[in-house]
Every structure is written in C-alpha cells, then in structure tokens.
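One structure is given here, and the rest of the page talks about it.
The values are calculated or read from the model by the stated rules, or taken from the named source; none is laboratory data. Here the structure is a predicted model, which is why all the values come from computation and not from measurement. No Cβ is skipped: glycine too gets one built from the backbone with ideal geometry, and neighbour counts run over all protein chains shown. Calculation scope for accessible area: heavy atoms of the full protein, side chains included, ligands and nucleic acids excluded. Shrake-Rupley method; radii C 1.70, N 1.55, O 1.52, S 1.80 Å.
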Amino acid sequence: MQDYDIDTLAVRAGTARSQFNEHSEALYLTSSFVFENAARAAACFKGDEPGNIYSRFTNPTVTAFGERLAALEGAEACVATASGMSAILACCMGLMKAGEHIVSSSSIFGATVNLFGILAKFGLETTYVDATDPAAWRAAVRPGATRLLFVETPSNPLTEVFDIAALSEVAHGAGALLVVDNCFCSPALQRPLDLGADLIVHSATKYLDGQGRVLGGAVLGKKEIVMEGIFPFLRTAGPTLSAFNAWVLLKGMETLGIRMQAQSGSALELARWLERQPAVERVYYPGLPSHPQHALAMRQQRLGGAIVSFEVKGGREPAWRVVDATRMISITANLGDTKSTITHPATTTHGRISAEARARAGITEGLLRVAVGLESLADIQADLARGLNG
Ligand SMILES: *Cc1c(COP(=O)(O)O)cnc(C)c1O
C-alpha cells in the first residue's frame, strides 16, 4: 500500500481479512495456535514455514498493528511491545552488551532516565547531553563503545527540538544507531526514519491510541535490526503487546491524522494565548516563533504538536494553584488523550529522578505541562485562566 497517503494508510494498512470477510479488524484472543499435523508444527517451530505458534511470539491482531504502524512510519519492520518503556528496554537488551554505552539527551521521559539507571547495573552506561547542538553529542560519543544515541524530539516536557538528520550523522560516524522516541509527534507529524534515524520507539499509549485506554509500544526500523536484533529478546522475555490492546490501538490509529491536526491547532492557539498572560514567565511550544528551535521544528515536523509547557511566575505554589483551579482539564500524567490533561512535572513525571537530573533537564518548580485534547479551546483557556488570574 506504499502509494497511498498517510491518512489512508492509517485506516487501511495491515488489514488481513479472515475467511469470514469481516470489515473491521478481527481480534484474535488466543494464547496459542494449532497445527494441521506434527510435520507442520515442527516446520513452524524450526522457522522453516511461516505461521503463528504462540502469542508471546506473534499474534495476527498484533501483526496487523505492527504492519499499520510500519506503513505510517515508512519502516521495513515493526515489533509491538507491552508499553513504551518495554520498547526502550527491548532496544537496549536486544542490541547492546555489557561495557557498551548510550548517549542520551537529558531532556527525556522520567522513566527512561530510571530505566537507563537500572541498566547501569548490568554494565550499560549512559552519558547525558544537555544541549541540542550536535557537536555536544559528538563530544559525548565513546568510539568503539557507544552503541545507541537516544533522543526524544520534541522532548518531554520542555518541547526541545533535536536535529534528527544531524544526530544521525553523528551516530553513523561513530558506528552507532540513532533511536528516536517519536511519541510526541507520532508519524502523523514526523517521520524520523526519512530523516536518517535508524530506529523509532513509540509509546502507543499516547497518540496512537489517542483515547487513554490501553498501554502499548513499538520499535520500528530496518528489518535486519528489528527482527534479528530486537525481536528475539521480546519473544523470549515476553514484554509483548496483548492482542486486545493491539486491536484498540488499530482503531485508535484510524483517527490519528485528524486528531493530531485538531489538537496541534488548539495547542498553537493556547500557546499564543499563554504568551500574553502576565502570570506566565515563559511558554515552550515548537510552533511559536519564540521557540529556540522554531525553524528546525517547522522543517522537521508538519505541525507543532499538542503539548504546551509553560512556566508560572513564582514557583511551585502559584503553579499548583493553576492545577488546582481547573474544573475540566484532568490532573493526570498521561498525555495524548482526547481529554486535555495538566501535570506539574517536577513533582510527578519527573519527581522520582534526582534533583540534579531534574535541574539538568530544566524542570523547574513553576513548570506546568498541558496536553491539549479535543475539547473547545475556549473552555480549555477558561479553565487555565481561573488559576492564572486568581
Ligand atoms: C509515556 C512515554 C513513554 C513510556 O511509555 P509507556 O507506554 O507509559 O510505557 C516513553 N516516552 C515518552 C516520550 C512518553 O511520553
């Protein structure tokens, strides 16, 4: 289906009808699969013949999810995982060995920092880079040891934008792979593989579902890296996506394009409005001309995305007042939902990392992150205005 537009692929790619000719994607809730005879079972187990064996390895609904997401990202291969975190874990476990090294931006999801900390126990070391400047990344690379460069762009929660093409050159110059966490943009707004990235990780929990229902994740890239490097870890260790969640995600992806467009449109308007509020010190949104990497963002992404972060003047107390004055926006750490959410990163998503790591990531006590949903923009603004003006 390569010739189709991304909006068509989101609805149609990965559809494989059963003998019943169902129109909507079938949900295969089964842990294992049966064989016609012993010889066929032996051939499937040996890998000589294709076929589903056990849902820890493959499942038709999960395969459909992977094929659809691969079509959207322009990837040769996709493996689905139980969550975004297990997608990141699978990259590290599948592709690295003790003594090897990761270079990561410091501006990443809090749990990713914690995961890299756990992996240090097994001899995988991580160096954090504060800057978006590729030269700073090059300086952090250890020739012969660095295996992965890991970046989130735009980053969570400060929406820093990293130059995927430039970082892929740094990675390839060092014999390493560039991994992009494409959670914030989704393939509707950004396709990292087209820009030179080697691997994409997703938290499908966010925009791919889009309605805050299930956890899921994925790793995408070249067939050789994904199927030979990462899949063996997943099928053995088992952080695979459930068929039910894959089915929910398939339905979620059908509306990905229109949701990203509508939510990004509202986010841009909200960011402009926040910039005019006297109680707001600073707004972080890639679609604003005031964003330090605005030009790069507009080159690399189709729109600014649906996450707006802003710093309230005066620190934690006035920031919490804005959170507590909301009546409609949900106070929750999740994002990517049709329901708008508000978070105080310093005490929630980034609360478990050290104060030093938090400072390095630029997470201040006055910072708030809003993930803009599909409600009316006027209602979202009114909900925030109450605490900002109070
Ligand atoms: C949520 C998130 C993750 C982790 O995904 P889970 O599905 O919660 O495991 C990773 N990266 C980013 C940018 C996220 O927002």
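Determine whether segment 237-255 contains at least one residue that is under 21 Å from the mean Cα position of the chain (by Cα), open to solvent by 70 Å² or more (accessible area, probe 1.4 Å) and in the same structural domain as V161 (by TED's automatic domain parsing).
Yes - at least one qualifying residue is present in segment 237-255.
Based on this model, can you work out whether S18 counts as open to solvent by less than 50 Å² (accessible area, probe 1.4 Å) and either modelled with pLDDT under 95 or of a type outside the set (V, I, T) (or both)?
Considered against the rule, which asks whether it is open to solvent by less than 50 Å² (accessible area, probe 1.4 Å) and either modelled with pLDDT under 95 or of a type outside the set (V, I, T) (or both), S18 comes out as yes.
Within 14 Å of the ligand (Cβ to nearest atom), part of a loop (DSSP other than H, G, I, E, B), open to solvent by less than 20 Å² (accessible area, probe 1.4 Å) and over 17 Å from A10 (Cα atoms): is that true of V214 in this structure?
yes
Just a yes or no: is a residue in segment 298-311 closer than 28 Å to D133 by Cβ, in contact with a strand residue (DSSP E or B) (Cβ under 8 Å, 6 or more places away or on another chain), surrounded by fewer than 21 Cβ atoms within 10 Å (Cβ to Cβ) and without any contact (Cβ under 8 Å) to a residue 40 or more places away in the chain?
For segment 298-311, residues closer than 28 Å to D133 by Cβ, in contact with a strand residue (DSSP E or B) (Cβ under 8 Å, 6 or more places away or on another chain), surrounded by fewer than 21 Cβ atoms within 10 Å (Cβ to Cβ) and without any contact (Cβ under 8 Å) to a residue 40 or more places away in the chain: absent.
Just one of C91, C78 is buried (at least 21 other Cβ atoms within 10 Å of the Cβ), under 15 Å from A237 (Cβ atoms) and within 16 Å of the ligand (Cβ to nearest atom); which is it?
C91
Name the residue that is surrounded by the fewest Cβ atoms within 10 Å (Cβ to Cβ), counting only residues in segment 5-15 that are over 14 Å from A64 (Cα atoms) and free of Cβ contacts under 8 Å to residues at least 60 places away in the same chain. I'd like the intermediate steps shown before the answer.
Taking segment 5-15 as the starting set, the residues that turn out to be over 14 Å from A64 (Cα atoms) are 5-8.
Filter once more, so that each one left must be free of Cβ contacts under 8 Å to residues at least 60 places away in the same chain: 5, 8.
Working: D5: 8, T8: 13.
For segment 5-15, the residue satisfying everything is D5.
Please go through segment 101-113 and give me each residue that is within 16 Å of P157 (Cβ to Cβ) and either away from the ligand (no atom under 15 Å from the Cβ) or surrounded by fewer than 18 Cβ atoms within 10 Å (Cβ to Cβ) (or both), ordered by number.
A111
Got a number for residues in segment 321-348 being more than 23 Å from Q211 (Cβ to Cβ), open to solvent by 30 Å² or more (accessible area, probe 1.4 Å), in contact with a Gly (Cβ under 9 Å, 6 or more places away or on another chain) and not charged (D, E, K, R)?
Count: 0.
Show the residue pairs meeting these rules: Cβ distance below 7 Å; 6+ apart or different chains; first residue within segment 74-91 and within 10 Å of H202 (Cα to Cα); second residue away from the ligand (no atom under 12 Å from the Cβ) and in a helix (DSSP H, G or I).
A80/V62; A80/F65; A80/G66; A80/A246; T81/L234
Does D379 fit the bill of being open to solvent by 70 Å² or more (accessible area, probe 1.4 Å), in a helix (DSSP H, G or I), of a type in the set (D, E) and assigned by TED's automatic domain parsing to the domain that holds A267? Lay out the reasoning, then the answer.
Working: open to solvent by 70 Å² or more (accessible area, probe 1.4 Å): yes; in a helix (DSSP H, G or I): yes; of a type in the set (D, E): yes; assigned by TED's automatic domain parsing to the domain that holds A267: yes.
Taking the combined requirement at face value, the residue satisfies it.
So which residues in segment 166-211 are outside any loop (DSSP other than H, G, I, E, B), free of Cβ contacts under 8 Å to residues at least 40 places away in the same chain and either among the polar types (S, T, N, Q) or surrounded by fewer than 24 Cβ atoms within 10 Å (Cβ to Cβ) (or both)?
Once the filter is applied, which keeps residues that are outside any loop (DSSP other than H, G, I, E, B), free of Cβ contacts under 8 Å to residues at least 40 places away in the same chain and either among the polar types (S, T, N, Q) or surrounded by fewer than 24 Cβ atoms within 10 Å (Cβ to Cβ) (or both), segment 166-211 yields A166, S168, E169, V170, H172, G173.
Would you check which residues across segment 164-188 are within 17 Å of P286 (Cα to Cα), in contact with a Ser or Thr (Cβ under 7 Å, 6 or more places away or on another chain) and away from the ligand (no atom under 13 Å from the Cβ) and list them?
If the condition is that a residue be within 17 Å of P286 (Cα to Cα), in contact with a Ser or Thr (Cβ under 7 Å, 6 or more places away or on another chain) and away from the ligand (no atom under 13 Å from the Cβ), then I164 is the only one that fits.
If you go through segment 22-36 one residue at a time, how many are more than 19 Å from E254 (Cβ to Cβ) and open to solvent by 80 Å² or more (accessible area, probe 1.4 Å)? Don't jump to the end; show me each part of the working.
Looking only at segment 22-36, we keep the residues that are more than 19 Å from E254 (Cβ to Cβ), and these are 29-36.
Remaining after also requiring open to solvent by 80 Å² or more (accessible area, probe 1.4 Å): 29, 34, 36.
Final tally of qualifying residues: 3.
I need a count of the residues in segment 137-153 that are modelled with pLDDT of 95 or more and either of a type in the set (G, A, S) or not assigned by TED's automatic domain parsing to the domain that holds A111 (or both).
3
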